[in-house]
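The values are calculated or read from the model by the stated rules, or taken from the named source; none is laboratory data. From a predicted model like this one, the values you see are computed outputs, not experimental measurements. Using ideal geometry, Cβ is built from the backbone for each residue, glycine included, and neighbour counts are taken over all protein chains shown. Note: accessible area is taken over every heavy atom of the protein model, side chains too, but ligands, DNA and RNA are not part of it. Shrake-Rupley method; radii C 1.70, N 1.55, O 1.52, S 1.80 Å.
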Amino acid sequence: MDTDVALAIRLAGDVDAAFPTLVAEHSDRLYTIALRLLGDGRDAEEVAQDALVRAFRAMHEYPHERIAELRLRPWLASITVNLARNRRRRIDDRQPPSSLEPMLDAGYDPPSDGAAAPAVTAARRETQRELAALLLRLTPAVRTAIVLRHIDGLSLAETAQALGRPEGTIKAQVFRGLRELRAMLEVAPEPLVPIHAPASAGQPLRALEAVR
Amino acid sequence: MTTTLPLSDDALAASLRDLRSAAPASIGYGALVEAGLADRYATIPTELGAVFVAWNGRGVSWVTKAGERDDFELRFRVAVGREIQPAEALPNDLGQAITRRLAGDRRVRIPLDLRGRTPFEVAVWTKALEIPRGEVRPYGWIAAEIGKPKAVRAVGTALAHNPVPLVVPCHRVVRSDGMIGQYSMGGPDAKRRILAAEGLDTRWLEAEAARGNRYTGSDTTHIVCHTTCRDARRVTDRHRVHFPSLAAAASAGYRPCKHCRPVSLAGVA
């Protein structure tokens with residue numbers, strides 16, 4: 001990522017001056033990571049903002065050389081994943097799994113290019129909603145690997161670096177995640193909306209209630 | 001409506017990529033504010049009417065009389081060099097802290113963002129924070145207390161440039177001759193109003209000053225105070241003694257109060 005290397009060097013020179021660029025270039029992906037890990041837009045907003053602030057404070061503590069060598073994409077992802085994990089624990093504490101609180105938030109719509117026909121857009125949104133719901137049924141470790149590798153688009157090596165796990169483990173988790181998503185899709189005849197918090201892994205998808 | 005979900009690896013990967021979302025703009029701006037690289041502001045009511053309070057993650061950065069938003073935002077950007085946006089309200093803890101401080105609670109901590117200010121200015125403002133509600137001190141007192149007894153005029157300038165009036169009570173600093181003096185938040189009248197709201201009888205204070213009564217002593221304790229010191233105001237009329245200067249008090253055998261610490265302004269320009 002050439003722009004990230006250049007940005008890291010600028011940050012090493014002057015954190016305050018270059019930080020707005022980091023915010024502009026990484027807010028969307030950190031928000032996406034938090035949103036897809038947590039499933040809730042409000043929680044994701046707080047986690048993403050907190051991750052940016054923590055990165056800022058950390059860089060103020062680091063020596064220049066360390067900032068210059070930061071690999072921003074995996075580094076920022078790992079901060080976000082850790083904050084989302086803590087947030088998830090707090091959510092679980094205040095919301096027992098039997099809660100009927102809606103746990104899925106489609107999140108912000110990416111700016112539309114206006115080209116897609118409304119019907120196509122609606123179908124695409126439906127697909128996004130389904131897939132986002134299914135993601136939340138994966139175990140946290142597998143979900144995190146999928147989110148970083150396939151939604152955020154980190155390389156296998158970057159994902160491994162961000163999560164502090166061996167590449168082989170990540171590879172297996174990503175493989176397993178894709179397989180489980182596909183399996184859930186195969187038995188899902190209709191658009192699905194989860195009616196409660198993540199059921200235990202392996203619970204048949206029929207437990208989800210099909211709407212309309 | 002039934003949707004066909006992609007089952008091939010490539011198609012699934014493409015659908016996952018489609019789950020990327022744009023972050024609400026408030027996240028990025030919120031991060032800049034927390035980092036102290038941008039500010040927000042909100043309106044609060046005070047004795048002097050509505051004021052704008054600006055803040056960022058480091059603390060309160062600016063307090064000024066509320067007015068035209070565009071005008072204020074422009075002045076802020078020029079003077080402070082940061083972006084600023086309006087907010088619904090102050091963060092809870094900050095709002096409560098300011099309310100308590102304005103009500104006279106000096107113990108409540110209010111973080112201030114005073115980056116870019118000189119150590120002298122910060123020393124002057126920090127000293128002004130020690131003046132209790134309902135009391136005033138002369139400019140020369142601040143100068144002496146911060147170890148720059150000759151910098152009386154510079155103290156006046158620093159107070160005039162106080163970016164956070166009311167929060168840092170520069171209105172409690174008055175001219176060395178006891179007159180009320182200038183005030184950045186609306187001139188002497190506003191200064192009288194806020195001091196009156198804090199329980200100080202400014203007409204009485206100015207009348208005493210006009211009579212040349214700068215210091216008040218007690219003939220039982222032989223201690224001399226600033227006229228508005230809470231100790232001086234406890235002295236009964238029968239035992240109250242007035243002095244035009246500390247020198248006069250000293251030659252009458254009076255020692256300075258340890259609370260309000262009046263200092264000799266003799267020899268000060």
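For (1) touching a helix residue (DSSP H, G or I) at 6+ places or on another chain (Cβ under 8 Å); (2) facing another protein chain (nearest Cβ under 9 Å); (3) exposed (fewer than 15 other Cβ atoms within 10 Å of the Cβ); (4) not in a helix (DSSP H, G or I), each residue gets a yes or a no:
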| position | (1), (2), (3), (4) |
| --- | --- |
| A:ASP4 | yes, no, no, no |
| A:ILE9 | yes, no, no, no |
| A:ALA12 | yes, no, no, no |
| A:PRO20 | yes, yes, no, no |
| A:ALA24 | yes, yes, yes, no |
| A:TYR31 | yes, yes, no, no |
| A:ASP43 | yes, no, no, no |
| A:VAL47 | yes, no, no, no |
| A:ILE67 | yes, no, no, no |
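Residue by residue through the range B:17-57, note down the ones that are assigned to a strand (DSSP E or B), hydroxyl-bearing (Ser, Thr, Tyr) and open to solvent by 10 Å² or more (accessible area, probe 1.4 Å).
Step one: list which residues in the range B:17-57 are assigned to a strand (DSSP E or B), which gives B:38-46, B:49-56.
Then keep just the ones that are hydroxyl-bearing (Ser, Thr, Tyr); that gives B:41, B:43, B:46.
Those that are assigned to a strand (DSSP E or B), hydroxyl-bearing (Ser, Thr, Tyr) and open to solvent by 10 Å² or more (accessible area, probe 1.4 Å): B:THR43, B:THR46.
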Looking at the range B:100-123 only, could you name the residues that are in a loop (DSSP other than H, G, I, E, B) and without any contact (Cβ under 8 Å) to a residue 60 or more places away in the chain?
B:ALA103, B:ASP105, B:ARG106, B:ARG107, B:VAL108, B:ARG109, B:ILE110, B:PRO111, B:LEU114, B:GLY116, B:ARG117, B:THR118
Go through (1) modelled with pLDDT of 90 or more; (2) part of a helix (DSSP H, G or I); (3) not acidic (Asp, Glu) for B:ARG233 and report which single condition fails.
(1)
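Yes/no matrix, rows are residues, columns are (1) modelled with pLDDT under 80; (2) within 11 Å of chain B (Cβ to nearest Cβ); (3) outside any helix (DSSP H, G or I); (4) surrounded by 13 or more Cβ atoms within 10 Å (Cβ to Cβ):
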| site | (1), (2), (3), (4) |
| --- | --- |
| A:LEU76 | no, no, no, yes |
| A:ARG85 | no, no, no, yes |
| A:ARG89 | no, no, no, no |
| A:SER98 | yes, no, yes, no |
| A:MET103 | yes, no, yes, yes |
| A:ALA115 | yes, no, yes, no |
| A:THR121 | yes, no, no, yes |
| A:ARG137 | no, no, yes, yes |
| A:ALA141 | no, no, no, yes |
Checked against (1) crowded, with 18+ Cβ neighbours inside 10 Å; (2) closer than 21 Å to B:LYS127 by Cβ, B:TYR254 satisfies every condition except (2)
Being surrounded by fewer than 19 Cβ atoms within 10 Å (Cβ to Cβ), touching a Ser or Thr at 6+ places or on another chain (Cβ under 7 Å) and assigned to a helix (DSSP H, G or I), is that true of even one residue in the range B:203-216?
yes
If B:SER176 meets every condition in (1) over 11 Å from the mean Cα position of the chain (by Cα); (2) in a helix (DSSP H, G or I); (3) polar (S, T, N, Q) apart from one, which number is that one?
(2)
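Please verify whether B:PRO86 is over 30 Å from A:ARG149 (Cβ atoms), more than 8 Å from chain A (Cβ to nearest Cβ) and surrounded by 13 or more Cβ atoms within 10 Å (Cβ to Cβ), treating the condition exactly as stated.
When the stated conditions are applied, B:PRO86 passes them.
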Please find, among B:ARG117, B:ARG100, B:ARG69, B:ARG75, the residue that is closer than 29 Å to A:ARG54 by Cα, open to solvent by 30 Å² or more (accessible area, probe 1.4 Å) and modelled with pLDDT of 90 or more.
B:ARG117
